1. Enumerate the pairs (first residue in the stretch 180-198 and at positive phi; second residue anywhere and assigned to a helix (DSSP H, G or I) and open to solvent by 30 Å² or more (accessible area, probe 1.4 Å)) with beta-carbon separation below 9 Å, excluding pairs fewer than 6 apart on the same chain, so at least 6 apart or on different chains.
2. For Arg68, indicate whether it is among the charged types (D, E, K, R) and open to solvent by 50 Å² or more (accessible area, probe 1.4 Å).
3. Would you check which residues across the stretch 18-55 are hydrophobic (A, V, I, L, M, F, W, C) and more than 12 Å from the ligand (Cβ to nearest atom) and list them?
4. Listed residues Ala28, Ala57, Ala32; which is touching a strand residue (DSSP E or B) at 6+ places or on another chain (Cβ under 8 Å) and farther than 14 Å from Leu212 by Cα?
5. With more than 24 Å from Ala338 (Cβ to Cβ), out of contact with any Phe, Trp or Tyr (no Cβ under 6 Å at 6 or more places or on another chain) and open to solvent by 40 Å² or more (accessible area, probe 1.4 Å) as the only criterion, which of Pro220, Pro202 stands out?
6. Looking at the stretch 212-236, which of its residues are part of a helix (DSSP H, G or I) and of a type in the set (Phe, Trp, Tyr)?
7. Restricting the stretch 125-137 to residues that are within 16 Å of the ligand (Cβ to nearest atom) and out of contact with any strand residue (DSSP E or B) (no Cβ under 7 Å at 6 or more places or on another chain), which is most open to solvent (accessible area, probe 1.4 Å)?
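The values are calculated or read from the model by the stated rules, or taken from the named source; none is laboratory data. These figures come from a predicted structure and were not determined experimentally. Cβ coordinates were reconstructed from backbone atoms using ideal geometry, including for glycine residues, and neighbour counts include every protein chain displayed. Surface accessibility is based on the protein's heavy atoms, side chains included, excluding ligands, DNA and RNA. Shrake-Rupley method; radii C 1.70, N 1.55, O 1.52, S 1.80 Å.
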Amino acid sequence: MPRPIQALIHSTALTHNLQRVRQARPDARLWAVVKANAYGHGIENVFPALRAADGFALLDLAEAQRIRQLGWRGPILLLEGVFEPRDLEICSRLNLTHAVHRDAQIDWLASHKTTAPHHVFLKMNAGMNRLGFTPERFRAAWARLNSLPQVGEIGLMMHFSDADGPRGIADQLATFQATTADLPGERTLCNSAASLDHPEAPSDWCRPGIVLYGASFDYPAHTSEDWGLRPAMTLQSQIIATQTLKPGDTVGYGSTFVAQHPMRIGVVACGYADGYPRIAPSGTPILVDGIRTGTVGRISMDMMVADITHIPAAQPGSSVTLWGQAPNGTLLSVDEVALAAHTVGYELMCALAPRVPVHVTD
Ligand SMILES: *Cc1c(COP(=O)(O)O)cnc(C)c1O
């Protein structure tokens, strides 16, 4: 028998979450963001459910190729554009739409030989200060692109720095609007947070990522349930041993946990080499047989420990849910585990290790 850990990808949850964004943005087309191997879920695993999207957005040319191999003939957007001139040949061959965020990418287009003009999205840096032309330089870049025979449609793109937080989007949206008011082209502005929480931001194309996978973009302010989302990933394993502790007994490397009273603990076949965050402290929520309890002691490479003192039926073979949905239907949100580990659900899902077998289910 293989090690009992596995990840389940819930295709009905993906379908539901995509529908949830459609409901919020009935007039927009949706790029399903599947970068980072679909946020750790596996591009091939999410594709059947997400093919109801209008396009796929990602960064990696190899991932774009995988989507074409799955038979997708619709739009694919490279969110960071091309990295070197040769990539433009792959864009021509695979018919990829690509972001243009710096001058060199325009230079490369100007010397690219292509029969079909490229569909590009010119990206503005409206305050995030990662990718894009500043508002002062944006229109000149647009004019230059517009003069190239290699370029067909030019869409306009930006990315908000604070769509999920108290600062909000007003300033960056105003900057974008003021700079682009009279320019033609489709707009793509909204990630998950802007799509669901900022209906005032126009977006011909929205770019939802995290919400498709059923996590919240602003936990703990709002849970994924608050946003009407369903978790698309379950990470589950089993108890492979139990121990009983007397007061004063310790657990795991560094003896960071000391039992204060008699306890029963279950050793779980999951560790940081599976993608579970090592930094998660004792007390991080975990489900055993669908019953909520907490971790005990340090997370090690292949194992961790759960308190099963109040779950007397728990024994080797009992199910353990690290996040997602337990066999009895109880949910543990990845956001809650992430908060305990001082990170976000995004990081935990993306960090799912290659050694964990993944199965697609309902
Ligand atoms: C990752 C990414 C998104 C999706 O962000 P979510 O917060 O997951 O919805 C959208 N746009 C760009 C440019 C991105 O890099």
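1. Gly185/Trp142
2. No: the conditions fail for Arg68.
3. Leu18, Ala24, Ala28, Ile43, Val46, Phe47, Ala49, Leu50, Ala52, Ala53
4. Ala28
5. On the way: Pro220 fails: more than 24 Å from Ala338 (Cβ to Cβ).
When all the criteria are applied, what remains is Pro202.
6. Residue satisfying the conditions is Tyr213 alone.
7. First, pick out the residues of the stretch 125-137 that are within 16 Å of the ligand (Cβ to nearest atom): 125-133.
Going one step further and asking which of them are out of contact with any strand residue (DSSP E or B) (no Cβ under 7 Å at 6 or more places or on another chain), we end up with 127-130.
Numbers: Gly127: 38, Met128: 56, Asn129: 117, Arg130: 158 Å².
In this case the residue turns out to be Arg130.
Here is a yes/no grid of residues against (1) within 26 Å of Glu89 (Cα to Cα); (2) open to solvent by 10 Å² or more (accessible area, probe 1.4 Å):
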position: Arg20; (1), (2): no, yes
position: Lys35; (1), (2): yes, yes
position: Ile43; (1), (2): yes, no
position: Ala49; (1), (2): no, yes
position: Gly55; (1), (2): yes, no
position: Leu59; (1), (2): yes, yes
position: Glu63; (1), (2): yes, yes
